[in-house]
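This structure is in structure tokens; I'll ask about it shortly.
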Amino acid sequence: MVFTDLLKGVALGMIISVVFILKGNLKRAYIFRKEEYADGDVIHIDLAQEVSFLNKAAIKQTLQSIPGNSKVIIDAKDTIYIAHDILDLIHEFKSIRAKEEHIKVKLKGFKKEYQLENSDDNHVTIVHEYDALKRVMVEKEVKHFDKE
């Protein structure tokens, strides 16, 4: 009698633990926002603290819905854990689909252990133009979205 009550208690505890783990993992794996500019839209995907394999379908669907000739920033600066499936998905998106459909992808905040290269943030071109009103040469910095 005592043994079966103990087993029931342990089983109930395990079930409650699994429910809490699943609830934590099924939270939104990322924040998606789109900024509209005159020279084209920029899509931001900010990854959550923990991105598990349970979030793979949602992220895959989001990446598939990105139109060609877009600019995408995938930010993992707040992320503590990313499942290998998700890292493979992001790598495949950047190396295959983005090149085929001319999507510019910028990766930010990925840890070295993830083996995904972060994009350079300091790609700047200096342009010299002649200002006819001031009758002088003017230097102008032009920041580029992604180094290609």
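Can you tell me the accessible area per residue over segment 1-96, all protein chains present, probe 1.4 angstrom, in square angstrom?
Details: 6550 Å² over 96 residues.
Per residue, segment 1-96 has 68 Å² of solvent-accessible surface.
In addition: In whole Hz and in residue order, list the ³J(HN,Hα) couplings for segment 60-75 that follow from phi through the Karplus curve 6.51 cos²θ - 1.76 cosθ + 1.60, θ = phi - 60°; x for Gly and Pro.
Each residue of segment 60-75 in turn: 4, 5, 5, 5, 5, 8, 6, x, x, 6, 9, 10, 10, 10, 9, 10 Hz.
Now for a different question. Ignoring ligands, DNA and RNA, what percent of the 1.4 Å accessible area of segment 1-93 is carbon and sulfur? Spell out each step's value before the answer.
On the way: 3960 of 6350 Å².
Ligands and nucleic acids excluded, carbon and sulfur reach 62 percent.
Determine the sum of side-chain charges near Lys77: Lys and Arg each +1, Asp and Glu each -1, restricted to other residues whose C-beta is under 9 angstrom from that of Lys77. The partial results should precede the final answer.
Values: positive: Lys108; negative: Asp46, Asp75, Asp78.
Here the count lands on -2.
Any idea what the alpha-carbon Rg over 2.2 N^0.38 Å comes to for segment 1-117? Don't skip to the end; give the middle numbers.
Details: Rg = 19.1 Å, N = 117, 2.2 N^0.38 = 13.4 Å.
So the Cα radius of gyration is 1.42 times the expected 2.2 N^0.38 Å.
Taking the highest mean first, how do the peptides 104-115, 34-45 order by number of other beta carbon atoms within 10 angstrom per residue? Walk me through the numbers before you get to the answer.
Numbers: 104-115: 15.7, 34-45: 12.1.
Going from most to least packed, we get 104-115, 34-45.
A further question on this structure: Considering only the other residues whose Cβ falls under 13 Å of the Cβ of Phe32, what net charge follows from Lys and Arg at +1 and Asp and Glu at -1? Display every interim value, and only then the final one.
Values: positive: Arg28, Arg33, Lys34; negative: Glu35, Asp41, Asp46, Asp75.
Result for the neighbourhood of Phe32: -1.
Sticking with this structure for a sec: Of Lys60/Lys104; Lys104/Lys134; Lys23/Lys106; Lys71/Lys112, which pairs sit farther than 28 Å apart, going by alpha carbon to alpha carbon? Write out the running numbers ahead of the final one.
Numbers: Lys60/Lys104 17 Å; Lys104/Lys134 37 Å; Lys23/Lys106 30 Å; Lys71/Lys112 23 Å.
Long pairs (Cα-Cα over 28 Å): Lys104/Lys134; Lys23/Lys106.
Now, a different point. Give me the one-decimal nm value for the distance between modelled label points at Lys134 and His91, 7 Å along each residue's Cα-to-Cβ direction.
Reported label-point gap for Lys134 and His91 is 4.8 nm.
How many nm separate the modelled label positions at Ala38 and Ala11, each set 7 Å beyond the Cα in the direction of the Cβ?
Placing both labels 7 Å along Cα→Cβ, they lie 6.9 nm apart.
The values are calculated or read from the model by the stated rules, or taken from the named source; none is laboratory data. These numbers come from a predicted model, not from an experiment. Here Cβ is always computed from backbone atoms with ideal geometry, including for glycine, and neighbour counts include all displayed protein chains. Accessible surface areas use protein heavy atoms only, side chains included; no ligands, DNA or RNA. Shrake-Rupley method; radii C 1.70, N 1.55, O 1.52, S 1.80 Å.
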